Amino acid sequence: MQTLVAYVENKPGVLNRVSSLARRLAINIDSLTVGPTDNPQVARMTIVAHTDEKGGHRLEASLEKLVDVLLAENISERSLLERDLALIKVLADQQSRPHLMELIKVFRARVVDVAPESLIIEVSGTVDKIDGLLEVLRPFGVLEMARSGRISMTRGGDLLRPPGAAMASVEPANVT
Amino acid sequence: MKLTGAEILCESLTKLGVQHIFGYPGGAILPVYDALGKSKLHHILVRHEQGATHMADGYARATGGVGVAMATSGPGATNMVTGIATAMLDSSPVVCITGQVSSKLLGTDAFQEIDITGITMPITKHNVVVSRAEDVARTVREAFVIANTGRPGPVLVDITKDAQQASCEFDWEACAPRLPQKRLRNDHNQAEFDRALELLNTAKRPLILAGRGIMLSGAMRAFEQFVRTSNIPVAMTLLGIGCFPASDPMNLGMMGMHGEAWVNHAIQESDLLIAIGMRFDDRVTGDLRTYAKGARKIHIEIDRAEINKNVKVDAALVGDARQTLEKLIPHTANPDRGPWLAHIKELKGDSAVRDIQSLPDNGHLYAAHVINDLWKETRGEAIVVTDVGQHQMWEAQYYHHNQPRTLITSGGLGTMGFALPAAIGAKFAKPESEVWVVAGDGGFQMTMCELATIVQEKINIKIAIINNGFLGMVRQWQEFFYDKRYVATPLVAPDFAALANAFGIRGERITARGDVLPTIRSARESKETVLIDFRVEQEDSVYPMVPAGASLHEMIRRPNNPLVETASEP
Ligand SMILES: Cc1cc2nc3c(=O)[nH]c(=O)nc-3n(C[C@H](O)[C@H](O)[C@H](O)COP(=O)(O)OP(=O)(O)OC[C@H]3O[C@@H](n4cnc5c(N)ncnc54)[C@H](O)[C@@H]3O)c2cc1C
Ligand SMILES: Cc1ncc(C[n+]2csc(CCOP(=O)(O)OP(=O)(O)O)c2C)c(N)n1
C-alpha cells in the first residue's frame, strides 16, 4: 500500500485525469480523497494505492507530469498521520443501548443521531481503529456505513505545500 | 480589435509560426475553415483524418517543431485517435484541433457530438475543451508550449462551435500562456552525478545506449563529444537511429529484437550501460531477468517516470540530455578501451558479414537488395519514412543514416499505415529534402488514399513498396512460432503501379534485381512522385530475431543461407 499526497488545480476533469492515469498504470486505488485548500484554485488529494514502492514512484512521477497536478509526493516511507472518518448506523434497542454506549466511549467515538431503533455513530482515526470498532459493532447489527477515505499528513516540520502561486507563467523546462 | 474565435485561432497559429495545417472539414469546424480561407495558412486537405495526424507527426519528426492537424467533431475526431496514440508513444509534438458542438448542446448526444477529450485522455500529453472565444488564443499558446517542452507529446484542443463563432477583443500580448507553476525537483543532485562519474570512469566494458531523446534534446554535438572524450562505443535504438552517424567506427548499430547480433552480445557482456534518452522498451531489452546482468546502469532521461520503470539503474541523471552531457564531459576520463573494442570487433566478425552486394545475382530479389541499393543511390542522405513490419526492420539494418531526423518511423505503437501520410508531412516540413516512403504491401493499403493528397498538393516524394504478398512480419511469427500456419497473412493487393496511374502518378513494377538501381535512379530524376512496386521474395524473414520474452542473447539466426545476413559496411 502506498500513500501519496497531491496538490492539483481545482478545475473540472482533474479527478478524471488522476483516476484515468492510475487505471492506465494498472494501479488499483484503495481510497482517494479530495478537499479544498486555503487557495481556492488548488485542491489537495490523498491517494492510497494498492501497489509496491516501484508502483508508488511511477504513480508519483506520472501524476506530476499531468499539467494540472502541481505537486505529487509519495509519503509512504515518511512519518505520517492518517485519518479516516466513518458514520455507522447501528441497530439499538432499549437492551443494547447501554452496552453500545460503553463501546463508543472506549473507542472515543460519538453518537450523532438517535432514533427509536438505531443510532448513528461518528468515529475518526486510523483505518485500524475504525475497523476495530466495526468489528465489535457488527453483532449488534450494522445497518449502513459511510467512510470518508484516508487523509494523510506528514508529521512535524516535514511540510508539503503547493509550489508558489497556483497560476504563474511557467518556465518551459518546468513542464515534463 | 474584435475577431471571432475562429479568426483568433488562425491569427494565433500564424503568430506561433505555423505554416501548414493538415485537416479535413465538417460542420462543427466550418467557422474555422471559413477563417482559414482568409488567412495565409496553407491547409492540406487529407483523405482521412488519421492521415492528418500522421502528416502532422511526420512534419514534427522531420523538424522538431510542432505539427498541426485539424478535424471536425464526432467521426472526424475519432478518426484521429490512432494518429494521436502514435505521436504519444513516440513523444512527438503534435497539436490536434477539433471542432465540437455548441456548448449549450454539450452532453445531449447532439449530432456528431463525441467526448473526444474523454477518449483521448490516456493518449495525449494534455487535452482541453474551449467553449469561449476569449480562451482560444491562450489555450492554443499553452498547447504549443506543452506539446514541445520537456518530454514532447500530442495535445488536443477541442473548440465548441459557439466559441468559434463568438467575437471578442483579440490582444495577443494579454494572452500569454499561464500554466500552473510546478515545483522544481532536485533529483539531479550532486551525489547522483558523482556516482555516475565514478561508474563512468572505472568501467572496463562500457556501452552507450542511444535513444530518440538525444534528437529531441538537440544533443547531437554534445553526444558526439561525449563519445570522443569517453571513448565508449554506441548502440542505438530504432528511434535513436540518426543521432550519431552510422559511418562512425564507434557506432555499432541497432540493438534489440532485430538489432545486430554483436550489439546484443556486447550489451549482455558489458559492465556499464549508459542509457541516454531511451526508455528500455521491451523490444530493446528482451527478458528483463537476464538483461545485462553484469552491467551497472546510468540513465540520462528527462522523464522521472521512466527511471527504474523497466530496468533498475544505479545512477539516474534526470534532466535534458544535452545539458547533462555538457555537464559530464569535462569530468569524463578517456581510458584505453583497446581490449573491449577489440572484443566487440571479434563478436562482429563472428556474426555476420553484411555484404550482399558482392554476392552473385542468383535471380532472387530480396528486400535487403532494394534497401541497400536505395541507400547507396541516395548516399544515405534521403529522409526515409517507413511503415511497420519486416521492411521497417530491413530499412533499419540496411539503410545507414548519418543525419538526425532522417529516419521517420512508428516505433512505440507500430502503426501500420503511418508511412505514406507521415512522408507527406515530412516533405512539407523539408521541401528541399528527398523523401522516400518504404512500406509493405499490407500497411500501404491502409492509408493509400493519401496518394490523392499528393496529387492535389503536387508534391514530389518517392514510394518504394516492398511487396511480398504477405503481412510479412506476422507471417514470420507464424513461421517461427505457429508451425507455418499462415492464417490471415497472405494478402491480395491491387496492381500498385496501375493504381498509381489511376491517381495520375507514375508507377513501376520491379521483379529483377538488375532493374532496382536503374529504376531508383530514374525515379530520383523525376520532379514528380513515383511509386515503385518491388516484388520481393515472399517468405524471407528478418534476422537476427530475439523472440518476444526471450533473453537478448538468445537470437534466432539466419539458417544456412549465405545470401543475406546482411549489408555492406556503412
Ligand atoms: C516491428 C517493430 C520492431 C521493433 N524492433 C526494435 C528493435 O529491434 N530494436 C529497437 O531498438 N526498437 C525496436 N522497435 C521500436 C521499439 O518498440 C521502441 O519504439 C524503441 O525502442 C524506442 O526507442 P527510444 O527509447 O529511443 O525512443 P522513445 O520511445 O521515443 O523514448 C525516448 C526517451 O527519451 C526521453 N527524452 C525525451 N526528451 C528528452 C531530452 N530532452 N533529454 C533526455 N531524454 C529525453 C523520453 O522521456 C523517452 O524516455 C520495434 C518496433 C516495431 C514496430
Ligand atoms: C494498424 C496495425 N494493425 C496490425 C498490426 C500488426 N502487424 C505488425 S507488422 C504486420 C504486417 C505488416 O505487413 P506489411 O505491411 O505487408 O509489411 P511486411 O511485414 O510484409 O514488410 C502486422 C499486421 C500493426 N502493427 N498495425
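Got at least one residue in segment B:65-82 being among the hydrophobic types (A, V, I, L, M, F, W, C), part of a loop (DSSP other than H, G, I, E, B) and more than 12 Å from every other protein chain (Cβ to nearest Cβ)?
Looking through segment B:65-82, at least one residue is among the hydrophobic types (A, V, I, L, M, F, W, C), part of a loop (DSSP other than H, G, I, E, B) and more than 12 Å from every other protein chain (Cβ to nearest Cβ).
Do we find a residue being aliphatic (A, V, I, L, M) and within 16 Å of ligand 1 (Cβ to nearest atom) anywhere in segment B:374-383?
Checked against the condition, which is being aliphatic (A, V, I, L, M) and within 16 Å of ligand 1 (Cβ to nearest atom), segment B:374-383 yields no hits at all.
Yes/no per residue for (1) loosely packed, with under 15 Cβ neighbours inside 10 Å; (2) within 16 Å of ligand 2 (Cβ to nearest atom):
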{"site": "B:458", "(1), (2)": "yes, no"}
{"site": "B:473", "(1), (2)": "no, yes"}
{"site": "B:488", "(1), (2)": "yes, yes"}
{"site": "B:502", "(1), (2)": "yes, no"}
{"site": "B:518", "(1), (2)": "yes, no"}
{"site": "B:536", "(1), (2)": "no, yes"}
{"site": "B:540", "(1), (2)": "no, yes"}
{"site": "B:543", "(1), (2)": "no, yes"}
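Are any residues in segment B:88-135 farther than 21 Å from residue B:23 by Cα and among the basic types (Lys, Arg), and if so, which ones?
Once the filter is applied, which keeps residues that are farther than 21 Å from residue B:23 by Cα and among the basic types (Lys, Arg), segment B:88-135 yields B:104, B:132.
Select from segment B:504-516 the residues that are under 24 Å from residue B:393 (Cα atoms) and in contact with a strand residue (DSSP E or B) (Cβ under 7 Å, 6 or more places away or on another chain) and write down the one among them that is surrounded by the fewest Cβ atoms within 10 Å (Cβ to Cβ).
B:511
Can you report the number of residues in segment A:115-148 which are of a type in the set (S, T, N, Q) and in contact (Cβ under 8 Å) with a residue 60 or more places away in the chain?
1
Name the one entry in B:264, B:251 that is modelled with pLDDT of 95 or more and within 11 Å of ligand 1 (Cβ to nearest atom).
The conditions single out B:264.
Scan segment B:325-344 residue by residue and report those that are closer than 15 Å to residue B:232 by Cβ and part of a helix (DSSP H, G or I).
Our first condition is that a residue be closer than 15 Å to residue B:232 by Cβ; within segment B:325-344, this holds for B:325, B:328-329, B:331-344.
Within segment B:325-344, B:325, B:328, B:329, B:331, B:338, B:339, B:340, B:341, B:342, B:343, B:344 qualify.
Just name the residue that is farthest from the other protein chains (Cβ to nearest Cβ) out of those in segment B:100-129 that are within 30 Å of the chain's Cα centre (by Cα) and of a type in the set (A, V, I, L, M, F, W, C). Outline the logic, then answer.
Quick first cut of segment B:100-129, residues within 30 Å of the chain's Cα centre (by Cα) only: B:100, B:114-129.
Cutting the leftovers down to of a type in the set (A, V, I, L, M, F, W, C) gives us B:114, B:116, B:119, B:121, B:123, B:128-129.
Values: B:114: 16, B:116: 13, B:119: 11, B:121: 5, B:123: 9, B:128: 9, B:129: 8 Å.
Step by step, filter segment B:100-129, then rank; the result is B:114.
Scan segment B:284-302 residue by residue and report those that are within 14 Å of chain A (Cβ to nearest Cβ) and over 25 Å from residue B:555 (Cα atoms).
At the first step, the residues of segment B:284-302 found to be within 14 Å of chain A (Cβ to nearest Cβ) are B:288, B:299, B:301-302.
Within segment B:284-302, B:299, B:301, B:302 qualify.
Could you count how many residues in segment A:62-86 are farther than 19 Å from residue A:154 by Cβ and facing another protein chain (nearest Cβ under 10 Å)?
5
Sort out for me the helices (runs of 4 or more DSSP H) sitting completely within segment B:385-462 that have 2 or more residues that are more than 13 Å from ligand 1 (Cβ to nearest atom) and of a type in the set (S, T, N, Q). Quick ask: steps written out before the conclusion?
Numbers: elements: B:390-398, B:419-429, B:441-447, B:451-457.
Per the criteria, B:441-447, B:451-457.
Yes or no: residue A:92 crowded, with 21+ Cβ neighbours inside 10 Å and over 19 Å from residue B:304 (Cβ atoms)?
Spelling it out, residue A:92 is indeed crowded, with 21+ Cβ neighbours inside 10 Å and over 19 Å from residue B:304 (Cβ atoms).
Let's see how each residue does on (1) modelled with pLDDT under 95; (2) over 30 Å from residue B:139 (Cβ atoms); (3) outside any helix (DSSP H, G or I):
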site: A:6; (1), (2), (3): no, no, yes
site: A:18; (1), (2), (3): no, no, no
site: A:34; (1), (2), (3): no, no, yes
site: A:38; (1), (2), (3): yes, no, yes
site: A:44; (1), (2), (3): no, no, yes
site: A:59; (1), (2), (3): no, no, no
site: A:93; (1), (2), (3): yes, yes, yes
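What single numbered condition from (1) free of Cβ contacts under 8 Å to residues at least 40 places away in the same chain; (2) more than 9 Å from chain A (Cβ to nearest Cβ) fails to hold for residue B:305?
Evaluating residue B:305 over (1) free of Cβ contacts under 8 Å to residues at least 40 places away in the same chain; (2) more than 9 Å from chain A (Cβ to nearest Cβ) leaves (2) as the failure.
Give segment B:409-418 a look and list any residue that's under 12 Å from residue B:438 (Cα atoms) and more than 9 Å from ligand 2 (Cβ to nearest atom), or say none.
Of everything in segment B:409-418, just one residue is under 12 Å from residue B:438 (Cα atoms) and more than 9 Å from ligand 2 (Cβ to nearest atom), namely B:409.
Please state which of the following conditions residue B:257 fails to meet, knowing it meets all the rest: (1) of a type outside the set (Lys, Arg); (2) over 29 Å from residue B:556 (Cα atoms); (3) within 16 Å of ligand 2 (Cβ to nearest atom).
(2)
Quick one: residue B:168 ticks every box in (1) part of a strand (DSSP E or B); (2) in contact with a strand residue (DSSP E or B) (Cβ under 6 Å, 6 or more places away or on another chain) bar one, so which box is it?
(2)
Could you list, in sequence order, all residues of segment B:142-186 that are of a type in the set (D, E, K, R) and either assigned by TED's automatic domain parsing to the domain that holds residue B:121 or closer than 29 Å to residue B:96 by Cα (or both)? Let's see the steps before the verdict.
Initial filter on segment B:142-186 (of a type in the set (D, E, K, R)): B:142, B:151, B:158, B:161-162, B:169, B:171, B:173, B:178, B:182-183, B:185.
Answer for segment B:142-186, where residues must be of a type in the set (D, E, K, R) and either assigned by TED's automatic domain parsing to the domain that holds residue B:121 or closer than 29 Å to residue B:96 by Cα (or both): B:142, B:151, B:158, B:161, B:162, B:169, B:171, B:173, B:178, B:182, B:183.
Can residue B:77 be described as within 16 Å of ligand 1 (Cβ to nearest atom) and small (Gly, Ala, Ser)?
no
Determine, yes or no, whether residue A:48 is crowded, with 16+ Cβ neighbours inside 10 Å, touching a strand residue (DSSP E or B) at 6+ places or on another chain (Cβ under 9 Å), within 14 Å of chain B (Cβ to nearest Cβ) and β-branched (Val, Ile, Thr).
Criteria not met by residue A:48.
The values are calculated or read from the model by the stated rules, or taken from the named source; none is laboratory data. Since this is a predicted model, take the numbers as computed values, not measurements. Neighbour counts run over all protein chains shown; Cβ positions are idealised from the backbone, glycine included.
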